[in-house]
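Notes follow once the structure below has been shown.
Here, each number is a calculation from the coordinates, and none is a lab measurement. Given the structure is predicted, the values throughout are model-derived calculations rather than measurements. We place every Cβ from the backbone using ideal geometry, glycine too, and count neighbours over all the protein chains shown.
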Number of protein chains: 2
Amino acid sequence: MNQQYSSALLERAVEEFAKLPGIGRKTAMRLVLHTLRLDVDKVDNFCHALSTLRHDVNYCRVCHNISDDEVCQICSNPSRISSQICVVENIQDVMAIEQTQQYRGLYHVLGGVISPMDGVGPSQLEIASLVDRVEAGGVDEVILALSSTMEGDATNFYIYRKLMKMPEVRLTVLARGMSINDELQYTDEVTLGRSLVNRVPFTGK
Amino acid sequence: MNQQYSSALLERAVEEFAKLPGIGRKTAMRLVLHTLRLDVDKVDNFCHALSTLRHDVNYCRVCHNISDDEVCQICSNPSRISSQICVVENIQDVMAIEQTQQYRGLYHVLGGVISPMDGVGPSQLEIASLVDRVEAGGVDEVILALSSTMEGDATNFYIYRKLMKMPEVRLTVLARGMSINDELQYTDEVTLGRSLVNRVPFTGK
């Protein structure tokens, strides 16, 4: 036991907290001392919620989003537009798009992007299952909503190559350009250039 | 279930994390998604460490520092100077002083300071047990190492009133003055004033 801690239990709890990303030893100590002041059942609730999540977690077998059932609430919702599939990297992206309330189609969670530097190839991602879904029919549009990075672009291109044999399926990509409320002079030149090239008719709206 | 989350388990885990101090919903989500990627046994270790700490935590019956045994390692260490008692607010303060490696005496953890604003009176603190310890004899010096705040000063004064009937016990307080490496022009005027009043002979060290 480190001499600094007068309790091995305390030291272990601090070490476990400090393993979490973005949490250093000082924050870990603060969190542990906070839990010491909590009622026992509150700490039990915390541990139970975390443990249950990890043990009982499920992923939708259609879109691979996190789900409590075999098929997630979005995929099983009959009022969603099943002919649209939005391809995203991870479940946070699903949540971000859902929060915009601008999309009523379905999703497909890849689980990452192709990144040779990190040893992630197409076979580690849910690309084959995406192609299967599209080939099964009933899909009009696949929206590529990956990060605007080199890896995202490479993954977009890989999916494009896989789906180009089905020209009846429209392949779209999220619009890139100036953010809403951005000042022009502070927009980076690549984004500004893309905004110019992709300019759209002014509708007065 | 909030529509944002597609899993009730996920939502509950995020909510539990977000209850911790200094952790908002975004950080909570990041931490939960991190634990989802961890091995099951790592998550179990985390939960076990936290749960065991909360259930099995002990406080030293002499100094009230956190301890795995009935009497803590500091109080039961025969090479510590048992005639010195350093009075601190909480267990973090014990750790901070231990890390300086400048103190070989014992501690007494009050569990806070007198703060009428927060409804903390002397009876909620371990002041009576401190007086008992000193009255039991064998104590030469009580070092008051509380925060340099109004509440800390009030608590110092309260303890002074309780111990003044034992003039054989020396009552000292931590030195206040400029921090090491502080630049004089940026030192606040109260601290600088105190440093001047409490100036000590220059020994060349």
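Just the number, please: percent antiparallel of the DSSP beta bridges in the range B:66-173, rounded to the nearest 5. Can you show the working numbers first?
On the way: 1 of 14 bridges.
The answer is about 5 percent antiparallel.
Residues considered: B:Val120, B:Val109, B:Val190. Largest GNM mean-square fluctuation over chain B, using C-alpha springs under 10 Å, is found at B:Val190. Under a 5 Å amide H cut-off, with hydrogens placed 1.01 Å from N, B:Cys86 pairs with B:Leu106, B:Tyr107, B:His108, B:Ile143 among residues at least 5 apart or on other chains.
For the cross-link pairs B:Lys19/B:Lys162; A:Lys162/B:Lys42; A:Lys26/B:Lys19, the ones whose C-alpha atoms lie over 28 Å apart are B:Lys19/B:Lys162; A:Lys162/B:Lys42. Only Cα sites of chain B enter the Debye sum here, all with the same form factor; the resulting log10 I(q)/I(0) across q = 0.12, 0.15 1/Å is -0.84, -1.05, listed in q order.
Once backbone amide H atoms are built at 1.01 Å from N, B:Ser67 has B:Asn58, B:Tyr59, B:Cys60 as its partners under 5 Å, excluding neighbours fewer than 5 places away on the same chain.
Residues in the range B:104-120 carry Karplus couplings, in order, of 10, x, 9, 10, 9, 8, 6, x, x, 10, 5, 8, x, 4, 9, x, 9 Hz; the curve used is 6.51 cos²θ - 1.76 cosθ + 1.60 with θ = phi - 60°, and Gly or Pro positions show x.
Percent antiparallel among DSSP beta bridges with both residues in chain A, to the nearest 5?
Details: 3 of 16 bridges.
Antiparallel bridges make up about 20 percent of those DSSP assigns within chain A.
Just want to confirm a number: the relative contact order over chain B, from Cα pairs under 8 angstrom separated by 6+ residues, in percent.
Numbers: 216 pairs, mean separation 24.8, N = 205.
Dividing the mean separation by the residue count of chain B yields 12 percent.
Remark on A:Val120: its backbone amide H falls under 5 Å from those of A:Ser115, a criterion applied only to residues 5 or more positions apart or on other chains, H modelled at 1.01 Å from N. This model, with +1 at the C-beta of Lys and Arg and -1 at the C-beta of Asp and Glu, gives the range B:113-205 a dipole about its Cα centre of some 320 debye. Dipole of chain A computed with +1 at Lys/Arg Cβ and -1 at Asp/Glu Cβ about the Cα centre; of A:Val43, A:Gly138, A:Val200, farthest Cα towards the positive end is A:Val200.
For chain A, the longest principal axis of the Cα atoms and the long axis of helix A:25-37 meet at an angle of about 70 degrees. Each Lys and Arg adds +1 at its Cβ and each Asp and Glu adds -1 at its Cβ; summed about the Cα centre, the protein assembly as shown shows a dipole of about 540 debye. Hey, how many Å between the Cα centroid of the range B:115-192 and the Cα centroid of the range B:67-91? Measuring centre to centre over Cα atoms gives 18 Å.
Taking a straight line from the alpha carbon of A:Lys165, these aspartates and glutamates sit under 15 Å away, with near neighbours fewer than eight places off in the same chain left out: A:Asp132, A:Glu135, A:Asp140, A:Glu141.
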